[in-house]
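Novice: The structure that follows is given in the form of structure tokens.
The values are calculated or read from the model by the stated rules, or taken from the named source; none is laboratory data. Computed from a predicted structure; not experimentally measured. Here the Cβ positions follow ideal geometry from the backbone for every residue, glycine too, while neighbour counts run over all protein chains shown.
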Amino acid sequence: MLKRTRLRSRLLIFVAGLILPVALFLGCSNNAPVSQSPAPVEQASSDSPADEDVALATEIGKSIIASCPMAEPGDANAHAACADKLASLELLRDHMSQEIRWGGQKEPELYALRENNTTSFAPLVWRRTYLSTFMFSGEPTVEQKDNLTVLRLPIQFRSDLDPGAFPYPFWHSENKWKAYHQSTELLLIMEDGMIEGAMRSAIKDTERKVVEREWDGKWQWTVANGQQEPKVTLYQNLFSAANPHVNSLDESYRAFEVAMRDHSCEVCHSPSNANEMNPLLILNYPNQALTLRHETVRQIQENLMPPPNGIPDEAERQRLVTLAEAFAKAGDEALAYEGEPVDATAATPSSANHS
């Protein structure tokens, strides 16, 4: 009897040893199929932000070169075609900061805009009026300098254009006029994918001929047919013919400019830069005054302009604030119509908020 019991026990243990692994296998197979492949691992992009900036700068450089190829230095049609293309070049427009600093590089390795003497411009004004005075050839080159991306473009100055085709008489300064002729490269300074400014390279070709021009002391003049010069500074030259805001912008600027004369505002804010501002802000040309359209409102409201004590007469100060606000509003509308970015936070405050 004891032997039979032991035999039965061994048989049960043997059967259990067969069934238990099968049950465990079937139980696990219901939760995790054996054939399932591991989830794919997403690969990180091999392009670094610096690589992306270089690629973007190269593309921008090629588009500028294609827009303004080499021509005769006095070819007015080539200049006009270049200005039109640069004004409408979306790749360039969409990667420009709200204000662009422009000037001459002091030293070959000095790339920080704040360490060079510059003037501040609305991007459209700089593209159409200043950048178009150059012709381009060759290929762009790009390099990284600290946190900056520097785009280099080989340039040739349009030295023989009509005087009214220049943003102002560059020849008022012999050194500046010579620098425009002899600088060999245009440097576009980019940070985080945006163009913050541009400079004429400090590297010069002194063999390049400088066209002789004599300045008569006039920043503005009128020719025989009544055309105001420099004609490129007028809003009719800056904006498209279909822009419905040009007339109101011109009227608002003229009214504001006349009022500013009484307070000698243009003594400081002219290309002569009597107070050595850096960056310089220009008010005595219609298109270039757009850069300062919101800042003038603020400074007159806070009685900081003109220095040192503002405008003592409160009624007169309020009159200038009203004129400045109208100019700023019209400027925003005209620029927005052209697709230019307009900073909503810089909108002119209501006259009800004046102190």
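Novice: Of all residues in region 205-222, how many are in contact (Cβ under 8 Å) with a residue 24 or more places away in the chain and either crowded, with 16+ Cβ neighbours inside 10 Å or among the aromatic types (Phe, Trp, Tyr) (or both)?
Specialist: The total comes to 3.
Novice: Can I ask one more? Report, by residue number, each residue of region 102-124 that is under 10 Å from THR291 (Cβ atoms) and either assigned to a strand (DSSP E or B) or of a type in the set (Phe, Trp, Tyr) (or both).
Specialist: THR119, SER120, PHE121 - these are the residues of region 102-124 that are under 10 Å from THR291 (Cβ atoms) and either assigned to a strand (DSSP E or B) or of a type in the set (Phe, Trp, Tyr) (or both).
Novice: Turning to a different aspect of this structure: Does ALA71 meet the test of being assigned to a helix (DSSP H, G or I), under 25 Å from ARG152 (Cα atoms) and modelled with pLDDT of 95 or more?
Specialist: Numbers: assigned to a helix (DSSP H, G or I): no; under 25 Å from ARG152 (Cα atoms): yes; modelled with pLDDT of 95 or more: yes.
For ALA71, the condition - assigned to a helix (DSSP H, G or I), under 25 Å from ARG152 (Cα atoms) and modelled with pLDDT of 95 or more - is not met.
Novice: Here's something else I'd like to know. Among the residues in region 121-128, are any within 13 Å of LEU187 (Cα to Cα), buried (at least 16 other Cβ atoms within 10 Å of the Cβ) and in the same structural domain as GLY74 (by TED's automatic domain parsing)? I'd like the intermediate steps shown before the answer.
Specialist: Step one: list which residues in region 121-128 are within 13 Å of LEU187 (Cα to Cα), which gives none.
Checked region 121-128: no residue is within 13 Å of LEU187 (Cα to Cα), buried (at least 16 other Cβ atoms within 10 Å of the Cβ) and in the same structural domain as GLY74 (by TED's automatic domain parsing).
Novice: Quick one: how many residues across region 152-182 are part of a loop (DSSP other than H, G, I, E, B) and either among the basic types (Lys, Arg) or free of Cβ contacts under 8 Å to residues at least 40 places away in the same chain (or both)?
Specialist: 2
Novice: Kindly indicate which of THR119, THR58 is modelled with pLDDT under 95 and not aliphatic (A, V, I, L, M).
Specialist: On the way: THR58 fails: modelled with pLDDT under 95.
Just a single option satisfies the conditions, and that option is THR119.
Novice: Please identify the pairs in which a residue from region 277-300 that is over 23 Å from VAL232 (Cβ atoms) has its Cβ atom under 6 Å from the Cβ atom of a residue that is part of a helix (DSSP H, G or I), counting only partners at least 6 apart or on another chain.
Specialist: Close Cβ pairs satisfying both conditions: HIS294/ALA328; HIS294/ALA346; VAL297/ALA324; VAL297/GLU325; VAL297/ALA328; ILE300/LEU320; ILE300/VAL321; ILE300/ALA324.
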